[in-house]
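Visitor: Pasting a structure here, questions to come.
The values are calculated or read from the model by the stated rules, or taken from the named source; none is laboratory data. Because the structure is predicted, anything quoted here is derived from the model rather than measured. Please note: Cβ atoms are built from the backbone with ideal geometry, for glycine as well, and neighbour counts cover all protein chains shown.
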Amino acid sequence: MKLGRREFLRAMLGAAGACLGGRILGPALASGVPSVPVTGQARKRRWVMLVDTAACDKGGCSDCIEACHRVHNVPALPDEKERIAWIRSLPYGQVLPDERAPLVRDNLGRRSVLALCNHCENPPCVPVCPTKATFRRDDGIVMMDYHRCIGCRYCMAACPFGARSFNWRDPRPFIKEINPGFPTRTQGVVEKCNFCEERIAKGQMPACVEACTEKGLSFFDLNDPAPLNRNTLESRYFVVRRPALGTGPSVFYLVR
Amino acid sequence: MYTKGLGIAVLALFLVPATLPLWYDAAAGRARTAPPKLELPAGKKACIEATDYMSRYHRELLARWQESVVREGRRTYVAADGKAYTMSLTKTCLGCHTDKAHFCDRCHDYLKVEPACWRCHVVPPKEGT
């Protein structure tokens, strides 16, 4: 049989179409297998936190830190070098070193600012993890699977915010009162803030947000169609930590 | 086969120490220890899945729960009979099997296995203590 140019092209086009069709239809057909029913979660969520540095400054307390560390069984280690913190208070210049402009007008330099895991949109800690113990969920939460953590600390080296701590020793003896509702960690794993993933799942606010008496912390779903309190937000100046690094933090700071 | 005698001697030299525990037990007149008997917690009729499945595959089940809760954020387990359970070792499993020493440890000790669960997961405190 002799193929003419037109027949050849037509046959090739048909073959390409068949291949493409297989690529597109294949997964769709394969997913026809019934899967475990998923409860709720119709709308994709995107959790973010807003930290009001002024309210935090006014309060001058550490209620949020204590609440977080209490519910998550974070140990209080005496040695500064081994200290474990999911959330802590740091000088303004350390948390927001790129935001010098507000300093000129408002002398914010003396303020202490809360620092916690930023749950970045583009988290540097995730691709470096050799066991995928650190991963980013669809709802924006950067999670740790402690079952998989081998304690290599690549994530700690990758995180530009110092949000992670390593368990140099068994943390249990250093936990004042163990909360039986949440696991502890073990020696040799890295840990960090989980945006209170276990509380959100129950419809609760994160422990730090709930504990703040100055209402300096708020937590919400960016994809929530209900309007935020725009009045208070629109007149304020808010920033993220180290924006030039391009990690896309989910923790926003109201500076003024 | 000039070294037959030597071969048998070497074989015996290996086999005797290797099987010594068996001889030792036989000499002491001890029978094989019976495996621990599974008991249902007071007032309960069945586990979330069939007993045979649970005793054989509870590790796989727990590993699936762990992946599901931590990595996929799905916390509800639908058992074979259609009943829904919260995927939680400390709340669901130990909620019924309240005595960890009696339920978990007895069998694990018998089999000389040391699961790492309790290095992090907290054994729920007994009521009234």
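Visitor: Which of the residues that make up region A:42-95 are closer than 24 Å to residue A:199 by Cβ, assigned to a loop (DSSP other than H, G, I, E, B) and of a type outside the set (D, E, K, R)?
Guide: A:42, A:61, A:62, A:72, A:73, A:74, A:75, A:76, A:84, A:85, A:86
Visitor: Whether any residue in region A:153-176 is within 30 Å of residue B:95 (Cα to Cα), assigned to a loop (DSSP other than H, G, I, E, B) and polar (S, T, N, Q) is what I want to check.
Guide: Yes: one or more hits.
Visitor: Now for a different question. Give the number of residues within region A:112-145 that are in a loop (DSSP other than H, G, I, E, B), out of contact with any helix residue (DSSP H, G or I) (no Cβ under 6 Å at 6 or more places or on another chain) and under 23 Å from residue A:201 (Cβ atoms).
Guide: Final tally of qualifying residues: 12.
Visitor: Let me ask another. Condition test on residue B:15, is it on the phi < 0 side of the Ramachandran plot, outside any helix (DSSP H, G or I) and out of contact with any strand residue (DSSP E or B) (no Cβ under 8 Å at 6 or more places or on another chain)?
Guide: The answer is no for residue B:15.
Visitor: Give region B:99-121 a look and list any residue that's within 14 Å of chain A (Cβ to nearest Cβ) and exposed (fewer than 14 other Cβ atoms within 10 Å of the Cβ), or say none.
Guide: Scanning region B:99-121 gives B:114, B:115, B:116.
Visitor: Which condition number in (1) farther than 30 Å from residue A:97 by Cα; (2) in contact with a helix residue (DSSP H, G or I) (Cβ under 6 Å, 6 or more places away or on another chain); (3) surrounded by fewer than 21 Cβ atoms within 10 Å (Cβ to Cβ) is the one that residue A:184 fails?
Guide: Answer for residue A:184: the failing condition is (3).
Visitor: Say whether the condition of being out of contact with any Leu (no Cβ under 9 Å at 6 or more places or on another chain) and either more than 14 Å from every other protein chain (Cβ to nearest Cβ) or at pLDDT 80 or above (or both) is met by at least one residue in region A:49-57.
Guide: No.
Visitor: Something else: Which count do you get for residues in region B:104-129 that are touching a residue at least 24 places away in the same chain (Cβ under 8 Å) and either among the hydroxyl-bearing types (Ser, Thr, Tyr) or part of a helix (DSSP H, G or I) (or both)?
Guide: Matching residues across region B:104-129 total 4.
Visitor: Could you look through region A:134-166, keep only residues that are among the basic types (Lys, Arg) and closer than 25 Å to residue A:221 by Cα, and pick out the one that is nearest to the other protein chains (Cβ to nearest Cβ)?
Guide: That would be A:137.
Visitor: Okay, next question. Might you check whether a residue that is small (Gly, Ala, Ser) and either within 11 Å of another protein chain (Cβ to nearest Cβ) or under 22 Å from residue A:252 (Cα atoms) (or both) occurs anywhere in region A:176-184?
Guide: The initial filter retains those residues of region A:176-184 that are small (Gly, Ala, Ser), namely A:181.
Those still in the list that are either within 11 Å of another protein chain (Cβ to nearest Cβ) or under 22 Å from residue A:252 (Cα atoms) (or both) too: A:181.
The answer is yes, given that some residue of region A:176-184 is small (Gly, Ala, Ser) and either within 11 Å of another protein chain (Cβ to nearest Cβ) or under 22 Å from residue A:252 (Cα atoms) (or both).
Yes/no per residue for (1) under 18 Å from the mean Cα position of the chain (by Cα); (2) under 25 Å from residue A:155 (Cα atoms); (3) modelled with pLDDT under 95:
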| position | (1), (2), (3) |
| --- | --- |
| A:200 | yes, yes, yes |
| A:213 | no, no, yes |
| A:218 | yes, no, yes |
| A:223 | yes, no, yes |
| A:252 | yes, yes, yes |
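Visitor: Filter region B:44-65 down to residues that are closer than 18 Å to residue B:100 by Cβ, of a type outside the set (A, V, I, L, M) and out of contact with any helix residue (DSSP H, G or I) (no Cβ under 7 Å at 6 or more places or on another chain) and give me whichever is nearest to the other protein chains (Cβ to nearest Cβ).
Guide: Step by step, filter region B:44-65, then rank; the result is B:65.
Visitor: I want to confirm something. Restricting to region A:108-132 and keeping residues that are of a type in the set (A, V, I, L, M) and surrounded by 17 or more Cβ atoms within 10 Å (Cβ to Cβ), which single residue is nearest to residue B:67 (Cα to Cα)? Please lay out each step first, then the result.
Guide: Initially, region A:108-132 is screened for residues of a type in the set (A, V, I, L, M), giving A:108, A:113-116, A:126, A:128.
Then drop every residue that is not surrounded by 17 or more Cβ atoms within 10 Å (Cβ to Cβ), which leaves A:108, A:113-116, A:126.
Working: A:108: 44, A:113: 35, A:114: 31, A:115: 29, A:116: 25, A:126: 17 Å.
By that ranking, first place goes to A:126.
Visitor: Moving on to the next point. Filter region B:69-90 down to the residues that are more than 8 Å from chain A (Cβ to nearest Cβ) and assigned to a helix (DSSP H, G or I) and list them by number.
Guide: If the condition is that a residue be more than 8 Å from chain A (Cβ to nearest Cβ) and assigned to a helix (DSSP H, G or I), then B:69, B:72, B:89 are the ones that fit.
Visitor: Return the total of residues in region A:200-218 being surrounded by fewer than 18 Cβ atoms within 10 Å (Cβ to Cβ) and not in a loop (DSSP other than H, G, I, E, B).
Guide: Within region A:200-218, residues that are surrounded by fewer than 18 Cβ atoms within 10 Å (Cβ to Cβ) and not in a loop (DSSP other than H, G, I, E, B) number 1.
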